[in-house]
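Structure first, commentary second.
The values are calculated or read from the model by the stated rules, or taken from the named source; none is laboratory data. These numbers come from a predicted model, not from an experiment. Please note: Cβ atoms are built from the backbone with ideal geometry, for glycine as well, and neighbour counts cover all protein chains shown. Heavy atoms of the whole protein, side chains included, go into the accessibility calculation; ligands, DNA and RNA do not. Shrake-Rupley method; radii C 1.70, N 1.55, O 1.52, S 1.80 Å.
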Amino acid sequence: QQASSTSQHFSSAFKRINELLDEHKLCDVVLVCRRDINASSNSSVNNSSRDHALIKIPAHRLILSSVSDYFCAMFTSKLAEEFKEEIEIRDVDGEALKALVDFVYSGICRVLHVLNRITCKFKIRRF
């Protein structure tokens with residue numbers, strides 16, 4: 001009985017946290033990366049094209065830190081990223097990072113091959 005109610009409690013809590021993310025409420029960090037890391041970073045590209053090539057992923061530091069040693073270290077080690085609102089993540093495809101963040105919040109793996117490529121980089125704990 002107690003294990004079931006505890007499980008339901010955490011399920012409800014994460015459902016609400018996911019809703020807050022969808023509503024961009026209480027998010028305290030935005031991960032920014034290139035939509036396609038293989039895209040050219042040609043300096044002749046104008047700023048609006050560069051902005052279009054970026055993907056911005058809102059998130060909560062606490063949630064990312066709870067499942068990733070990489071993010072936990074980033075947000076708790078007195079690095080500049082601990083205080084920045086937007087953090088650039090390099091050498092990761094934006095769509096892959098978005099899939100990873102979606103997985104962290106929902107527990108649902110929509111793109112397995114993408115997640116397998118990047119879970120090692122961010123040291124995501126599998127529960």
* To do: Scan around Arg35 for amide H atoms under 5 Å from its own, H built in the peptide plane at 1.01 Å from N, and keep only partners 5 or more places away or cross-chain.
  => Leu54, Ile55, Gly94
* Using θ = phi - 60° and the Karplus relation 6.51 cos²θ - 1.76 cosθ + 1.60, list the HN-Hα couplings for segment 92-106 in order, rounded to whole Hz, with x at every Gly or Pro. => 9, 5, x, 5, 5, 5, 4, 4, 5, 5, 4, 5, 4, 7, 9
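Compute the signed sum of charges (Lys and Arg +1, Asp and Glu -1) over the other residues within less than 14 Å, Cβ to Cβ, of Glu82. Mind showing how you got there, number by number?
Values: positive: Arg61, Lys78, Lys84; negative: Asp28, Glu81, Glu85, Glu86.
That sum, taken over residues with Cβ under 14 Å, equals -1.
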* To do: Could you state how much accessible area Lys98 has, in square angstrom rounded to the nearest 10, with a 1.4 Å probe and all protein chains kept in place?
  => 80
